[in-house]
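Input: a single structure, listed below in C-alpha cells.
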Amino acid sequence: MTSTGDSSNQVDGSNESERLTFVFDDVVRLTQIAFENCSGDNYQLFFDGVSQGTFNSNSYVGSTLLTSFAVEATQQNDNFRVRSITYTPAPVPLPAAGWMLLAGIGGIAAMKRRKKV
C-alpha cells in the first residue's frame, strides 16, 4: 500500500488517508476484527463502502452481513495493524427448499398410493 510521497507498504496515514480493503466472494457475517499497536491510533471502518465511524480500540466486535470492509488510517503516522479477522459464511435461507422437499415427498407418497390401487 502506497500513496503520494509515501514509500511505505503500511496503512500508516502518512501524507494522506490510506485504506486497506478486504473483499469476499460471497456474503459473510463479520464478527470480529482484532488490531495490535492501536494505542492512541484512530481508524475508520467501512462496511460495503459505508462509514461505520472512527474507532481507537484493539478490536471491533459485532455481527454484520457484508461483502467487503475497509480500514482507513485517519491520522499521520498511525502504527496499528490488523491482527485477525473472524467471519463465517452467511446463513443460507432454506424455507423455499423445505416446502419443495415436502412437496416431493408428498408426490412420491401419492404415486406409491396410486400404484397400489
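Read-outs throughout are calculated quantities, based only on the coordinates presented, and are distinct from any laboratory measurement. These numbers come from a predicted model, not from an experiment.
Measuring how big the stretch 21-117 is from its alpha-carbon positions, Rg and Dmax come out at 23.2, 83 Å. Compared with the direct C-alpha span, the chain from ASN37 to THR54 gains 4.5 nm at full extension, assuming 0.36 nm per residue.
Taking 0.36 nm per residue of sequence separation and removing the Cα-Cα distance, the VAL27/PHE47 pair yields an extension gain of 6.0 nm. Taking a ≥ b ≥ c as the square roots of the eigenvalues of the Cα gyration tensor, the stretch 64-117 is prolate, since a/c reaches 1.5 or more and a/b is larger than b/c.
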